[in-house]
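The values are calculated or read from the model by the stated rules, or taken from the named source; none is laboratory data. Every value quoted in this text rests on a predicted model; they were computed, and no experiment measured them. Neighbour counts are summed over all protein chains in view; Cβ atoms, including those assigned to glycine, are modelled from backbone coordinates with ideal geometry. When the accessible area is computed, the model is the full protein with side chains, heavy atoms only, and any ligands, DNA or RNA have been set aside. Shrake-Rupley method; radii C 1.70, N 1.55, O 1.52, S 1.80 Å.
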Amino acid sequence: MSKIKQFLTALLILAIGLFAVPSLVIPAEASGDRIAVYVQLPGDWAEPYLWAWSDDGVNAFDAWPGGEMEADSGNEGWYYCWIPKEMTNIIVSANDASVQTSDHKIESRNAWVTVEDAETVTVSYDPQTQGDIPEYVETFQVHARVPEDWTEAGLWAWSAPDGKNAFDAWPGKSMKLDGNDWYTASAPVWVNSIIINGNGGAVQTEDISIDPAEIWVTVLADGTVDFTYNDPDAPVAEDITVYVKVPSDWSEPCLWAWSAPDGTNAFASWPGEALTDAGDGWMSLKVPGWINSVIVNGNGGSVQTQDLSVETGRDVWVQVTDPENAVVSYEKPEEALGEEQAPDEKDKESSGEESSQENEESASQEPDASKDPEVSKDAEVSKKSNVPLIAGIVVLAAAILGVGGFVWHKKKK
């Protein structure tokens, strides 16, 4: 094949490809890469947390408020947290999540976020801190329940037998108390030994050898400990079924479910799990019995209800009329919303058989485009919209074939 024919053939393939493929898909880079998000807080914000998620609804953390931010000892007033670089949305919260920013977009690179107040946030990609960014180290959480006479709790952690300490000085890292009487702090995964201490390090447990995995430690009054790698307070409940009816224009409805206020999600990413046909116009999905909040959504999660509170451990029926209106009940409704005939429709029935026949005839007739300039114009545009594209490709193909034939014939001579 001559160079001219090769060139023209390639040009035709490119032209067809450009119209056939709406966009080029660029593969994502390695998902293991992370970025650092630095945050500077207002003076009355303390103990910040970072919540982050990707545009397709995958969360960086299991539950709200997300990842605890570490204070940078080399840059006073700055806190940092590492997140997967696929995360493109963040919220910063503080003061036990009583204050927070709105959603903010970030790029897939290290970012410095200055929070002046909940509504005034600046994102920069030029370093705002001095020195190197601390190296990313994977961590796990240590939870501890301590005796009543311990006024606070701290975590000391190290690697045995080499004696490498996770924290700079005794009593180690301060543990944060949650609403269930558990103190929590994170430790790097390379440690294998911990001590729980209290009252500024005045009281403590013995050395505890552990695996580097999330752990719950109960400190008894005499200082001895019990520990487990399973949350002893985890809700235990049989699965329940959520039944849902959605508007007819909601496609592929899904359910999002979680436990409030702790923020434990039933599903890994938005929009949750797809609902399946349950008959009689209902759709359904089994979910853990401990959930107490749901959102019904559709159209790929682009349309949704508000947060709906439900009772734990009970099957529930949710009838959605629109994003702002949904009815929750715990027995199957006899009639779904919208199925009862509206009063004005009943009035129309009583207006007489002649009116009904006229409506039927009118409905069966298609619009006369010639009587409506706008309809006629739209129809004309619709019919002709693809003609130039098709004609162009055909002409290009003909030209190539014609030139190709000429070149081939000439070559045979």
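The strands (runs of 3 or more DSSP E) located wholly in segment 173-279 that include 1 or more residues which are within 28 Å of residue 142 (Cα to Cα) and among the hydroxyl-bearing types (Ser, Thr, Tyr) occupy 183-188, 193-198, 215-219, 225-228, 254-259.
Residues of segment 233-255 that are in contact with a helix residue (DSSP H, G or I) (Cβ under 8 Å, 6 or more places away or on another chain) and buried (at least 17 other Cβ atoms within 10 Å of the Cβ): 250, 254. Step by step: first the residues of segment 288-330, then only those that are open to solvent by less than 10 Å² (accessible area, probe 1.4 Å) and modelled with pLDDT under 95, then the one that is farthest from residue 241 (Cα to Cα). Which residue is that? Applying the filter and picking the extreme gives 291. Scanning segment 44-84 for residues that are in a strand (DSSP E or B) and in contact (Cβ under 8 Å) with a residue 40 or more places away in the chain yields a total of 16. Is it fair to say residue 214 is closer than 30 Å to residue 334 by Cα and open to solvent by 50 Å² or more (accessible area, probe 1.4 Å)? For residue 214, the condition - closer than 30 Å to residue 334 by Cα and open to solvent by 50 Å² or more (accessible area, probe 1.4 Å) - is not met. The single condition among (1) under 20 Å from residue 35 (Cβ atoms); (2) in contact with a Phe, Trp or Tyr (Cβ under 6 Å, 6 or more places away or on another chain); (3) of a type outside the set (D, E, K, R); (4) open to solvent by 40 Å² or more (accessible area, probe 1.4 Å) that residue 112 does not meet is (4).
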